[in-house]
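Engineer: Provided herewith is a single structure, encoded as structure tokens, for subsequent inquiry.
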Amino acid sequence: MTPALPLADELAAKPPEVLLVDDDEVNLLLTAVALRERGFDITEAGGGEHALQLLADWAPDIIVLDAMMPGLDGFATCRRLRAMPGFENVPVLMLTGLDDDASITRAYQAGATDFFVKANQWSLLAGRLQYLLRASRTRIELERSQAKLARAQDLARMGSFDWRRAGAAGSGGSLMLSAQGLRVLGHGPGDHVSLRGILRLVQRAERRSVLRLLQGVAQHSSVLATDVPVALPDGRQRIIHVEAEPEFNEHGHSVGYTGIVQDVTDRRVAEDRIRHLANFDSLTGLPNRRQLVWRMERAIEHARRLGHPCAFLLIDLDRFKIINDTLGHAAGDELLMEVALRLRACVRHSEQVTEGALEAVGSRAHRTLEAVGRLGGDEFIALLPEIGDERDAQRVADRILEVMRDPVLVGGQECFVTASVGIAIFPRDGTSVADLMRNSDVAMYSVKSQGKDASAVYSPQLAGRGREKLELESALHKAIERDELVLHYQPMIDVRSARMVGAEALMRWQRGNMLVPPGDFIPLAEESGLILPLSEWALREAARQARLWKNSFGFDNAISVNLPSRMFERSDLVDQIHQNALSYGIPHRMIQLEITETGLMKELQSVIPALHQLKEIDVEVAIDDFGTGYSSLAYLTTLPISELKIDRSFVRDLGVTPQSSGIVTAIIAVARSLNLRVIGEGVETLRQMEVLHRLGCSLMQGFLFSRPIAPDDLELWLKQTVLPRRAPWIGQANELDVGGLAPRALGGRPF
Amino acid sequence: MLAMSHAPQTQPPAFASVLDPASLQRLHELDPEGANRVVERVLRAFETSLTRLLPQASQALAQGDHEMLRHVAHTLKSSSASVGALELSRCCSEIENRLRQMQFDGLAERLARLNAEGGRVLAAVRSLLPD
């Protein structure tokens, strides 16, 4: 014990206060004098009653009592004062006569700390007092530090224990728990708890492994540190952290353990919560992408080691978007939760993975990897960590399709949701999580494109379609939500005034670092039906761009958007354009539509109503690639269209073959007679421009003026080329103009 | 001051046969400078105590109050030893022991001896005290 505690210092600086009680004045006087001489601060009392009066409002450091006194004698006084609060532990020295054994016994019984035989040996008495005072101080300090420790342990829900090994005789080991330790284990301070009793608190499932751990630790005299789930006597489930170090005797033999027990339930609950948030989807409670990838990696490792296949089933809901859009997000969430429940029932879903056991050879712990998880949106994955063969995966897929067929009640309404399931099997269809994910996606997508509500196992030649094409299609599927699509713009020029009179929007796909040209994905999009969402997006994006340009340089012409004929068949096309115009605050006329001649003629009857509606709201329509299809001139006269675009193939040959200029001349004549605008596409040379103009077409677009470029670049192009009138075609155009061709008015402000 | 302060002397003083010089010397050592007049105070306290206790002892015996007698003997035993009245202390001790052992015979003679010795001690103490 360190003597240099504040209390010790304080007392050392101040003479110890002694209450001296003796009825004999001579002795009282002598003892007082002798003790004062030795540095004590003496207060005298001539009897027990007087002493107790003094103690009513004063606490000396030590009390010296003469045993034999008339009235209240030393024993009675001692008993009384011990009963007074605050005097339970103050040292009391009883003065007895020589050979008075009876008094000595009585002194201890009365609660005296010690006795001293009355004699005139003052140094001995002083020495005894010093000793008692020191013991008392040590005791006070110890009590304070114990109280502090107990408080700290209580706050930390912690207590200590001491375990002695069984002796050589084979008597069972003994366990001592501090009061705090007992409390941690749900016992009262006086309870006796054996090691066996504590083991009974451990949850049954853990008991064997805890016992094994303890035996192992004890056998090797190693350090113990573990968390044990227990059920306390009152039924509370807690997690107790146990930490102990071995103690050795002088021969180096381990004699036992000392350590602590601590209730770490709250901490563990918080940790588990954090882990859960990081690994589980908050909506459905299923493992999230991160957790799934982790489980898939473990499953692959295990399958590789044990040489068995495992399967990933990618499950994508059909028509989820429609439900989400029509019934709202809350209903969509409700649906996803219900789907999650159903999917869980299709596999031996494990909430938790028994991680430690995964490494053990021959263990079945990898089966706890089996789960359904949510990748995000309406995409789920079922992980089957061990299958016999493909048919096992197929069976689970069938079960999934089956449970999805029952109607789901969301927002008080019955919905029918089906799923498309793609299966990829390790190692045949890939050996990494990334490969297997991609291939299950390809398989799933093949189901989607063949009518949905089915499953498919991945194969490189899925349904006779190239793998790359499938992958491309699958990736395109996600391009919109990933913001990978962009519009580039090619200006339309009126060469008479050398101004921009509009721009055609052309879609590009920014796929990673690659800019995919429309020819590489539009046909695919048309084939798969993706063209519809792509077109909807393009309409919205064009409206947004029109607004941006209007703000930045006063753009007031139209942006022309290419639409497939299917879009014109949709009843909500007009509404979409109206909504977009409304959202971005532009007039309808700033959006113009282009439909190919072939597309128009093929679906003529179903397209015509839309054309009329569009005309009513001032949205103009141009016929693209004009001259390549088989337009019926009779129809052309009645169609509410505004513009013909001469196909680039005729423009290319202008000035090269006489036939081409003949066709162009004819088209221009048709346009004139029908009072339609006409514009030449694909103008690449000054010669082509010159001829086209001479033939009566002054509106053009092509590389000669600008390729399709990003919207910011178009602004730059205007600023640096058109406005300063710097381009070669501008001088040429002016000359042509002098050539005296009739100028033709065109709506909108020229640039 | 006190005659004690002239000790040691070649001829033992008159009180020496009653009061043990070594004991008195120890008393003196408690207050060697005499600044607190400890010896005088102790002797005065003893004189008072003795004057009170001797008649009390006789009265206790007359009334057959053995407990009172035992207490007087006990008190006088230690205080007389303190001032060096060793014979008196022995008398007290003897009475106290007999009483403790419930030997009530022969108390009268022992009390007479106590009184006689007590008278001698009282005279010796008074001879040491200034008037």
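Engineer: Being more than 14 Å from A:V293 (Cα to Cα) and in the same structural domain as A:L306 (by TED's automatic domain parsing) narrows it down to one of A:A371, A:A397, so name that one.
Structural biologist: Every option except A:A397 fails the conditions.
Engineer: If I filter segment A:112-126 for residues that are exposed (fewer than 13 other Cβ atoms within 10 Å of the Cβ), assigned by TED's automatic domain parsing to the domain that holds A:G259, not in a loop (DSSP other than H, G, I, E, B) and not acidic (D, E), do I get at least one hit?
Structural biologist: Initially, segment A:112-126 is screened for residues exposed (fewer than 13 other Cβ atoms within 10 Å of the Cβ), giving A:123-124.
Next, only the ones that are assigned by TED's automatic domain parsing to the domain that holds A:G259 stay: none.
Checking segment A:112-126: not a single residue is exposed (fewer than 13 other Cβ atoms within 10 Å of the Cβ), assigned by TED's automatic domain parsing to the domain that holds A:G259, not in a loop (DSSP other than H, G, I, E, B) and not acidic (D, E).
Engineer: What's the number of the only condition in (1) in a helix (DSSP H, G or I); (2) farther than 30 Å from A:N551 by Cβ; (3) touching a strand residue (DSSP E or B) at 6+ places or on another chain (Cβ under 9 Å); (4) not basic (K, R) that A:L714 fails to meet?
Structural biologist: Unmet for A:L714, out of (1) in a helix (DSSP H, G or I); (2) farther than 30 Å from A:N551 by Cβ; (3) touching a strand residue (DSSP E or B) at 6+ places or on another chain (Cβ under 9 Å); (4) not basic (K, R): (2).
Engineer: Consider only pairs whose beta carbons are under 6 Å apart and that are at least six residues apart or on different chains; among these, list those whose first residue lies in segment A:22-38 and is more than 7 Å from every other protein chain (Cβ to nearest Cβ) and whose second residue is part of a helix (DSSP H, G or I) and buried (at least 20 other Cβ atoms within 10 Å of the Cβ).
Structural biologist: A:D22/A:L28
Engineer: If only one of A:V64, A:V117 is among the β-branched types (V, I, T) and closer than 15 Å to A:L20 by Cβ, which one is it?
Structural biologist: Among A:V64, A:V117, only A:V64 is among the β-branched types (V, I, T) and closer than 15 Å to A:L20 by Cβ.
Engineer: Now for a different question. Enumerate the strands (runs of 3 or more DSSP E) found wholly within segment A:464-550, keeping only those where 1 or more residues are modelled with pLDDT under 90.
Structural biologist: Once the strands (runs of 3 or more DSSP E) in segment A:464-550 are filtered for at least 1 residues that are modelled with pLDDT under 90, what remains is A:499-511, A:514-516.
Engineer: Please state which one of B:S80, B:S58 is closer than 24 Å to A:G71 by Cα and either within 12 Å of another protein chain (Cβ to nearest Cβ) or among the charged types (D, E, K, R) (or both).
Structural biologist: The match here is B:S80.
Engineer: For segment B:83-124, how many residues meet the condition of being within 12 Å of another protein chain (Cβ to nearest Cβ) and among the charged types (D, E, K, R)?
Structural biologist: Within segment B:83-124, residues that are within 12 Å of another protein chain (Cβ to nearest Cβ) and among the charged types (D, E, K, R) number 2.
Engineer: Could you list all residues from segment A:299-329 that are closer than 20 Å to A:H477 by Cα, assigned to a helix (DSSP H, G or I) and among the basic types (K, R)? So that I can check it myself, show each step before the final result.
Structural biologist: To start, the set of residues in segment A:299-329 that are closer than 20 Å to A:H477 by Cα comprises A:313-325.
Subsequent filtering for residues that are assigned to a helix (DSSP H, G or I) retains A:320-325.
Residue satisfying the conditions is A:K321 alone.
Engineer: On to the next question. Between a residue in segment A:648-669 that is at negative phi and free of Cβ contacts under 8 Å to residues at least 40 places away in the same chain and any residue that is in a helix (DSSP H, G or I) and among the aromatic types (F, W, Y), which pairs come within a Cβ distance under 7 Å, given they are 6 or more apart or on different chains?
Structural biologist: From segment A:648-669, the pairs are A:S660/A:F650; A:I663/A:F650; A:V664/A:F650.
Engineer: Are any residues in segment A:567-605 more than 13 Å from A:V619 (Cβ to Cβ) and not in a helix (DSSP H, G or I), and if so, which ones?
Structural biologist: A:R570, A:S571, A:D572, A:G585, A:T596, A:E603 - these are the residues of segment A:567-605 that are more than 13 Å from A:V619 (Cβ to Cβ) and not in a helix (DSSP H, G or I).
Engineer: Tally the residues that are in a helix (DSSP H, G or I) and free of Cβ contacts under 8 Å to residues at least 12 places away in the same chain, restricting the search to segment B:100-118.
Structural biologist: Result for segment B:100-118: 3.
Engineer: On the given criteria, is A:G86 within 14 Å of another protein chain (Cβ to nearest Cβ) and not polar (S, T, N, Q)?
Structural biologist: Criteria not met by A:G86.
Engineer: Here's another thing I want to ask about it. Any residue that is over 24 Å from the mean Cα position of the chain (by Cα) and modelled with pLDDT of 85 or more - is there at least one of those in segment A:328-339?
Structural biologist: Among the residues of segment A:328-339, not one is over 24 Å from the mean Cα position of the chain (by Cα) and modelled with pLDDT of 85 or more, which makes the answer no.
Engineer: Against the condition modelled with pLDDT under 85 and either more than 15 Å from A:V228 (Cβ to Cβ) or β-branched (V, I, T) (or both), how does A:G172 come out, does it pass?
Structural biologist: Yes, satisfied.
Engineer: Of all residues in segment A:370-400, how many are aliphatic (A, V, I, L, M) and either out of contact with any strand residue (DSSP E or B) (no Cβ under 8 Å at 6 or more places or on another chain) or part of a strand (DSSP E or B) (or both)?
Structural biologist: Residues that pass the stated criteria total 7.
Engineer: Turning to a different aspect of this structure: Touching a His at 6+ places or on another chain (Cβ under 6 Å) and free of Cβ contacts under 8 Å to residues at least 60 places away in the same chain, is that true of A:A581?
Structural biologist: yes
Engineer: Mind checking whether some residue in segment B:65-73 is buried (at least 16 other Cβ atoms within 10 Å of the Cβ) and under 14 Å from the mean Cα position of the chain (by Cα)?
Structural biologist: The answer is yes, given that some residue of segment B:65-73 is buried (at least 16 other Cβ atoms within 10 Å of the Cβ) and under 14 Å from the mean Cα position of the chain (by Cα).
Engineer: Is it true that some residue in segment A:451-458 is among the basic types (K, R), out of contact with any Cys (no Cβ under 6 Å at 6 or more places or on another chain) and loosely packed, with under 14 Cβ neighbours inside 10 Å?
Structural biologist: no
Engineer: Has segment B:30-51 got any residue that is more than 8 Å from chain A (Cβ to nearest Cβ), free of Cβ contacts under 8 Å to residues at least 24 places away in the same chain and either surrounded by 22 or more Cβ atoms within 10 Å (Cβ to Cβ) or under 13 Å from A:V26 (Cα atoms) (or both)?
Structural biologist: Our first condition is that a residue be more than 8 Å from chain A (Cβ to nearest Cβ); within segment B:30-51, this holds for B:32-35, B:37, B:39-40, B:43-44, B:47, B:50-51.
Next cut, free of Cβ contacts under 8 Å to residues at least 24 places away in the same chain only: B:32-33, B:35, B:37.
Those still in the list that are either surrounded by 22 or more Cβ atoms within 10 Å (Cβ to Cβ) or under 13 Å from A:V26 (Cα atoms) (or both) too: none.
No, there is no match, as no residue in segment B:30-51 is more than 8 Å from chain A (Cβ to nearest Cβ), free of Cβ contacts under 8 Å to residues at least 24 places away in the same chain and either surrounded by 22 or more Cβ atoms within 10 Å (Cβ to Cβ) or under 13 Å from A:V26 (Cα atoms) (or both).
Engineer: Same structure, new question: Quick test of your reading of the structure: A:V619 fulfils all but one of (1) surrounded by fewer than 21 Cβ atoms within 10 Å (Cβ to Cβ); (2) outside any strand (DSSP E or B). Name the failing condition by number.
Structural biologist: It is condition (1) that A:V619 fails.
Engineer: Yes or no: A:W549 of a type in the set (F, W, Y) and within 29 Å of A:L704 (Cβ to Cβ)?
Structural biologist: yes
Engineer: Give all pairs with beta carbons closer than 6 Å in which a residue from segment A:405-430 that is touching a residue at least 60 places away in the same chain (Cβ under 8 Å) meets a residue that is in a strand (DSSP E or B) and aromatic (F, W, Y); count only pairs at least 6 apart in sequence or on separate chains.
Structural biologist: These pairs meet every condition: A:A424/A:F312.
Engineer: What strands (runs of 3 or more DSSP E), lying completely within segment A:401-449, carry at least 2 residues that are under 15 Å from A:A303 (Cβ atoms)?
Structural biologist: Once the strands (runs of 3 or more DSSP E) in segment A:401-449 are filtered for at least 2 residues that are under 15 Å from A:A303 (Cβ atoms), what remains is A:418-426.
Engineer: Starting from residues that are part of a loop (DSSP other than H, G, I, E, B), more than 18 Å from A:L604 (Cβ to Cβ) and among the hydrophobic types (A, V, I, L, M, F, W, C), keep the ones in segment A:622-664 and report whichever is farthest from the chain's Cα centre (by Cα).
Structural biologist: A:V656
Engineer: Go over the candidates A:V184, A:V117 one by one and state the one that is of a type in the set (A, V, I, L, M, F, W, C) and within 14 Å of another protein chain (Cβ to nearest Cβ).
Structural biologist: None of the others qualify; the one that does is A:V117.
Engineer: I need the full set of residues from segment A:127-143 which are under 16 Å from A:A59 (Cβ atoms) and surrounded by fewer than 15 Cβ atoms within 10 Å (Cβ to Cβ), in order please.
Structural biologist: Matches in segment A:127-143: A:R139, A:E143.
Engineer: Going by the structure shown, is A:I522 aliphatic (A, V, I, L, M) and either free of Cβ contacts under 8 Å to residues at least 24 places away in the same chain or touching a Leu at 6+ places or on another chain (Cβ under 6 Å) (or both)?
Structural biologist: Details: aliphatic (A, V, I, L, M): yes; either free of Cβ contacts under 8 Å to residues at least 24 places away in the same chain or touching a Leu at 6+ places or on another chain (Cβ under 6 Å) (or both): yes.
The answer is yes for A:I522.
Engineer: Name, by its number, the condition in (1) charged (D, E, K, R); (2) assigned to a loop (DSSP other than H, G, I, E, B); (3) not assigned by TED's automatic domain parsing to the domain that holds A:D24 that does not hold for A:E88.
Structural biologist: So the condition that A:E88 fails would be (3).
The values are calculated or read from the model by the stated rules, or taken from the named source; none is laboratory data. Because the structure is predicted, anything quoted here is derived from the model rather than measured. Cβ atoms come from the backbone with ideal geometry, glycine included; neighbour counts cover every protein chain shown.
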